[in-house]
Every structure is written in structure tokens, then in C-alpha cells.
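Q: Got a structure for you, written out below as C-alpha cells; questions coming shortly.
Values quoted throughout were computed directly from the atomic coordinates according to the rules given, and no laboratory measurement underlies them. This structure is a prediction, so every number in the text was calculated from the model and none was measured. All Cβ positions, glycine included, derive from the backbone under ideal geometry; neighbour counts span all protein chains shown.
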Amino acid sequence: MKRSTPLKRTPFKAKAASATDRATAAVKPKTCAKSKGGCGAKFIPARPMQCACSVPCAQNMGELKNAKAAKKTAAEDKRQTRAKLEEMKTLPELLAEAQREFNRFIRLRDARRPCICCGQPLGDQRFGGAYDAGHYRSVGSAPHLRFDERNVHAQRKVCNNHKAGNHVEYRAGLIARIGLAQVEALEADQTPKKYTRDQVREIRNHYRKASNELAKQVREAEEAFA
């Protein structure tokens, strides 16, 4: 018996991909980061936030993360300790620190000049310290001029220590260097000066930075002529 209607052929339809298949196909490979403690291998993550290819790598990453956190904590503790110690410093302690930085600056500033008193070469400061930062008016008699750059110059130790500052020659050398008017201004200056701890910190930090910059310039000059 023949069919009265022709047989219709249904076109083949591929099976729709499941949600799981689509999710798996969408996952991109990751790299087990060496910088975080991994092995550097490529892998397909099983979880969205997975960053290690294996349990050993995950353990390494965890240990490295903990070590970095501990280091950061230690650095912060050290910073806070330094801040507390800085806050506890007395004015005399801060003045001594500022004077050291200021004197270092003077020695570096005048390293290529002759002694302010006798005019002889200063010598090599690297071997035992051949010269000082000598004050024209001493810190004891004129504490308000202790950080005045006009009042302090490089001076051979023999002039500073064994000749009581060599004051007469110092004055002559100072006039030749900064002029009589400036020297007389220093001699006439009796203005009292009271420093706060914050002011002394600013002086210390200023001359520490200035000294470091001068020291760098000296090193670069020596390397250029080496």
C-alpha cells in the first residue's frame, strides 16, 4: 500500500552542549606563578579562584605569603619602634645628633680647601680624621651660632686641638674667605636662640641630606678621574 503523503526528512540537530560543558570550555588556562611560590606550569583551574596547579605549589604559595606578611609586620614594628625612640629623645640628644650632621657637612664642604687657620692642606680625612669642623666662636661661648655656616670651617686638628683654635690666624683666614663685614657681624651677634626639639630635628635632617648629596658628588668625581 502506498503512502498518500510523502515522507518528510527531519534535518539532524546536534545535541546542545550542557551548562557544564560550556563552563569547562570557557575556562582559560592559568600559570602557576613563580613569583608567588608556584612552579610556572600552565594548568586548567578547577575553581574560579585557584592559582596553584597542585597541592605542593599551593603550600609553597601559602608559606611565601606568610613570610612576606611576617616581613611586612616586622618592618612596621621596627618603624613604630624608631618613631617611639625618636619621640623620646631629649633636646641635648637631638642637638648632639644635629651637630654631628652639621660638622660632617662642613668637612665635606671644605674638603678641597686649605685649613682656615694656617692655610696648609687639610690632609686625608679617610685615615683617622685629619681635620675638624672648627667653630670661630665656640659652641660654649656662642651656642646661637653653632649651626651658622659662616662660623664653622674645616680646621686641621693641630690648629683646633693643640693651639686652642688658633683664634688669631682663624680670624685672618675667615676675613680672607667671607670678608671683614661678615666676620664683624658674627662677632657682634649676641641674639639668643632657643631651639625646640622639632627645629633641631629639621636642622639635623637638612644637614644629613646635604651631607649625603655632597658625599655622592665626591664619589662620582673620584670615579670619573679614576
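Q: With respect to Gly119, is the statement that it is assigned to a loop (DSSP other than H, G, I, E, B), at positive phi and surrounded by fewer than 15 Cβ atoms within 10 Å (Cβ to Cβ) true?
A: yes
Q: Would segment 51-59 turn up any residue that is out of contact with any helix residue (DSSP H, G or I) (no Cβ under 9 Å at 6 or more places or on another chain), in a helix (DSSP H, G or I) and surrounded by fewer than 11 Cβ atoms within 10 Å (Cβ to Cβ)?
A: There is at least one residue in segment 51-59 that is out of contact with any helix residue (DSSP H, G or I) (no Cβ under 9 Å at 6 or more places or on another chain), in a helix (DSSP H, G or I) and surrounded by fewer than 11 Cβ atoms within 10 Å (Cβ to Cβ).
Q: As an exercise: evaluate Val218 against (1) in contact (Cβ under 8 Å) with a residue 40 or more places away in the chain; (2) over 26 Å from the mean Cα position of the chain (by Cα); (3) not in a strand (DSSP E or B) and give the number of the one condition it does not meet.
A: Every listed condition holds for Val218 apart from (2).
Q: When segment 64-87 is examined, which residues are found to be aliphatic (A, V, I, L, M) and surrounded by 10 or more Cβ atoms within 10 Å (Cβ to Cβ)?
A: Hits for segment 64-87 are Leu64, Ala67, Ala69, Ala70, Ala74, Ala75, Ala83.
Q: What number of residues within segment 145-169 are more than 37 Å from the chain's Cα centre (by Cα) and not β-branched (Val, Ile, Thr)?
A: Qualifying residue count, segment 145-169: 6.
Q: Still on this structure: Could you check segment 88-112 and list, in sequence order, the residues that are over 20 Å from Arg146 (Cβ atoms) and either surrounded by 15 or more Cβ atoms within 10 Å (Cβ to Cβ) or touching a helix residue (DSSP H, G or I) at 6+ places or on another chain (Cβ under 8 Å) (or both)? Explain how you work it out, then say what you get.
A: Step one: of segment 88-112, the residues over 20 Å from Arg146 (Cβ atoms) are 88, 111-112.
Ala111 - this is the single residue of segment 88-112 that is over 20 Å from Arg146 (Cβ atoms) and either surrounded by 15 or more Cβ atoms within 10 Å (Cβ to Cβ) or touching a helix residue (DSSP H, G or I) at 6+ places or on another chain (Cβ under 8 Å) (or both).
Q: Scan segment 90-115 and report the pairs whose first residue is touching a residue at least 12 places away in the same chain (Cβ under 8 Å) and whose second residue is basic (Lys, Arg) and surrounded by fewer than 18 Cβ atoms within 10 Å (Cβ to Cβ), with Cβ atoms within less than 7 Å and a gap of 6+ or a chain change.
A: Final answer for the pair search is Leu91/Arg197; Leu94/Arg197; Leu94/Arg201; Glu101/Arg208.
Q: Do you know which of the residues in segment 133-144 that are touching a residue at least 24 places away in the same chain (Cβ under 8 Å) and surrounded by fewer than 22 Cβ atoms within 10 Å (Cβ to Cβ) is nearest to the chain's Cα centre (by Cα)?
A: Among them, the one singled out is Ala133.
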